[in-house]
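Asks: Have a look at the structure that comes next, please.
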Amino acid sequence: MSDPLIASREPGVLADESPTRGTFRPILGGRFLMYEYEGKVGEHPMVGITIIGYDLANQRFQSAWVDTFHMGTGILFSQSPKGGPGDVTPAVTGAWSQDGGPDWGWRTEYDLQAPDRLVITAYIITPEGQEGKATETVYTRQG
């Protein structure tokens, strides 16, 4: 297998398949949802946190994401297009640059397919606008 740090930037290329454990909980009186997860990419341990919310004033889903594999020491801020909180599949998009280079995009979609099944799919977007699936996480509720 090629280095997953390199393969993760190639749209549509499966770099790894491994188990991930995640938890979701409301924070700050239910205003936000905290998503915490841990797993591995290849032999690289990975832990991460995403805070997800809906900005009532601007009618947008927003998130702040950090993890030890993809983001390094950066924070990815993302938001959805303007819309209602009843959107069936909330999706947020953000961008980052590395070493002063051009911006890369990252879109994350949350699809609650059943009360006990959540699929989180992320797409990497090249500086030229080419998109490809980067990660897909399928959660089933335990206990």
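Asks: If one puts a single equal scatterer on every Cα of the chain and applies the Debye formula without solvent, what log₁₀ I(q)/I(0) results at q = 0.13 Å⁻¹?
Replies: Once normalised to I(0) and log-transformed, intensities are -0.59.
Asks: Using helices alone, what [θ] at 222 nm do you get for the chain, with -39,500 (n - 2.57) per DSSP H run of 4 or more residues, divided over all residues and rounded to the nearest 500? Could you put the intermediate results ahead of the total?
Replies: Numbers: 1 runs with 4 residues, N = 143.
So the helix-based figure for the chain works out to -500 deg cm²/dmol.
Asks: Under the rule of at least 5 residues apart or a separate chain, name every residue whose amide H is placed under 5 Å from the amide H of residue 32.
Replies: 27
Asks: Right, here's the next one. How far is the Cα center of the stretch 112-143 from the Cα center of the stretch 39-54, in Å?
Replies: The stretch 112-143 and the stretch 39-54 have Cα centres spaced 13 Å from each other.
Asks: Per residue of the stretch 127-140, what does 6.51 cos²θ - 1.76 cosθ + 1.60 with θ = phi - 60° give for ³J(HN,Hα)? Whole Hz please, x for Gly and Pro, Karplus curve as stated.
Replies: Running phi through 6.51 cos²θ - 1.76 cosθ + 1.60 with θ = phi - 60° gives x, 8, x, 6, 10, x, 5, 9, 9, 9, 10, 10, 10, 10 Hz.
Asks: Let me ask something additional. What's the FRET efficiency of residue 77 with residue 114 using the Cβ-Cβ distance as r and R₀ = 25 Å, to the nearest 0.05?
Replies: Working: r = 30 Å, r/R0 = 1.19.
For residue 77 and residue 114, the calculated efficiency is 0.25.
Asks: Starting from the Cα of residue 24, step 7 Å along the direction of its Cβ; do the same at residue 133; then give the gap between the two resulting points in nm.
Replies: Here the answer is 1.9 nm between the modelled labels.
Asks: Counting Lys and Arg as +1 and Asp and Glu as -1, what is the net charge of the other residues whose Cβ lies under 12 Å from the Cβ of residue 23?
Replies: Working: positive: 21, 25, 141; negative: 36, 38.
Value of the local net charge: +1.
Asks: Right, something else. Taking the beta-carbon count within 10 Å as an exposure proxy, list 27, 51 from fewest neighbours to most. Present the calculation step by step, with values, prior to reporting the outcome.
Replies: On the way: 27 12, 51 17.
Lowest to highest Cβ neighbour count: 27, 51.
Only the coordinates and a few stated rules stand behind these numbers; no lab work does. Please read all numbers here as calculations on a predicted model, not as lab measurements. We place every Cβ from the backbone using ideal geometry, glycine too, and count neighbours over all the protein chains shown.
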